[in-house]
1. Of the residues that make up the range 137-144, is at least one touching a His at 6+ places or on another chain (Cβ under 7 Å) and more than 30 Å from residue 59 (Cα to Cα)?
2. Return a yes/no flag: does the range 175-193 have any residue that is in a loop (DSSP other than H, G, I, E, B), out of contact with any Phe, Trp or Tyr (no Cβ under 7 Å at 6 or more places or on another chain), closer than 30 Å to residue 119 by Cβ and hydroxyl-bearing (Ser, Thr, Tyr).
3. So, residue 60, is that one modelled with pLDDT of 95 or more and of a type in the set (Ser, Thr, Tyr) or not?
4. I'm trying to understand the selection: among the residues of the range 176-191, which are more than 16 Å from residue 148 (Cα to Cα) and aliphatic (A, V, I, L, M)?
5. Step by step: first the residues of the range 163-180, then only those that are farther than 26 Å from residue 131 by Cβ and under 14 Å from the mean Cα position of the chain (by Cα), then the one that is surrounded by the fewest Cβ atoms within 10 Å (Cβ to Cβ). Which residue is that?
6. Residue check, residue 146 against (1) of a type in the set (Lys, Arg); (2) part of a strand (DSSP E or B); (3) farther than 28 Å from residue 48 by Cα, all met but one. Which one?
7. Could you count how many residues in the range 122-137 are assigned to a loop (DSSP other than H, G, I, E, B) and within 12 Å of residue 89 (Cβ to Cβ)?
8. Can you tell which of 77, 58 is among the hydrophobic types (A, V, I, L, M, F, W, C) and under 15 Å from residue 131 (Cα atoms)?
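The values are calculated or read from the model by the stated rules, or taken from the named source; none is laboratory data. Computed from a prediction, not measured in an experiment: that's the story for all the values here. Cβ coordinates were reconstructed from backbone atoms using ideal geometry, including for glycine residues, and neighbour counts include every protein chain displayed.
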Amino acid sequence: MLPPGLLFSGSPTALYSISGNSNYASEELIAYDIGYRFQPSDDISIDIASFYNTYNNLRTYELGNPFLEISSSSAHLIIPTTLSNKKYGETYGLELSTQWQVLPQWRLHASYSNLQVQMHGKDGTTDTVTINREEGTSPRNQFTLRSSYDLHENMEIDAFIRYVDRLSTDAINSYTEMDIRFGWNPLKNLSVSIVGQNMLNGSHTEFKAEGFYIQKTDIQRGIYGKVTWRF
């Protein structure tokens with residue numbers, strides 16, 4: 001499927017065709033990771049990790065010379081497109097996470113991640129759409145905070161808060177949401193839970209699928225129950 005932006009409008013109607021490429025190569029990835037974990041006290045642990053990835057032979061859509069095609073019913077412009085590997089790039093960033101046993105019955109876990117994406121076209125490429133698009137389809141910053149509290153020996157309540165940065169490609173705003181779970185274990189092998197999802201907003205948009213005329217999908221607030229029997 002072609003990315004948005006390659007469809008022309010006007011008169012006559014513009015159509016596109018996609019052709020394969022016998023010289024199409026596999027995409028290549030070289031990944032570098034480094035991390036460190038330490039425990040400043042018995043109740044706190046901290047993880048730090050960073051990464052740097054390089055990509056080569058990434059997929060591109062190369063445009064050919066348009067030509068006019070006339071049929072019995074209409075005339076339309078054909079835009080030939082061929083798959084190729086004329087893109088490369090880098091991603092890099094860091095991840096931080098920590099766990100804190102605040103009380104014997106209360107645990108906190110927080111994490112933060114930063115992602116940078118840089119894409120480049122090789123000499124001769126005609127595809128500028130996917131290069132620009134991919135740099136803005138992943139959130140640059142994300143933050144999560146999870147709280148778990150044991151109300152009783154067989155009751156627990158969890159809260160999960162998350163922040164996700166905006167996606168510039170599809171003009172999707174950043175959002176903050178929270179999920180809440182209440183769990184009860186009346187028997188050793190039986191657990192019952194009620195979960196509320198996306199409780200801070202009536203709805204929010206998280207992403208938009210690649211393709212023509214595909215609308216952004218809103219994620220709604222929801223609630224559900226779950227019963228688990230282990231045997």
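1. Among the residues of the range 137-144, not one is touching a His at 6+ places or on another chain (Cβ under 7 Å) and more than 30 Å from residue 59 (Cα to Cα), which makes the answer no.
2. no
3. No; evaluated as a whole, the condition is false for this residue.
4. Selection gives 187, 190.
5. My answer is 163.
6. Residue 146 satisfies all of (1) of a type in the set (Lys, Arg); (2) part of a strand (DSSP E or B); (3) farther than 28 Å from residue 48 by Cα except (3).
7. Matching residues across the range 122-137 total 2.
8. 58
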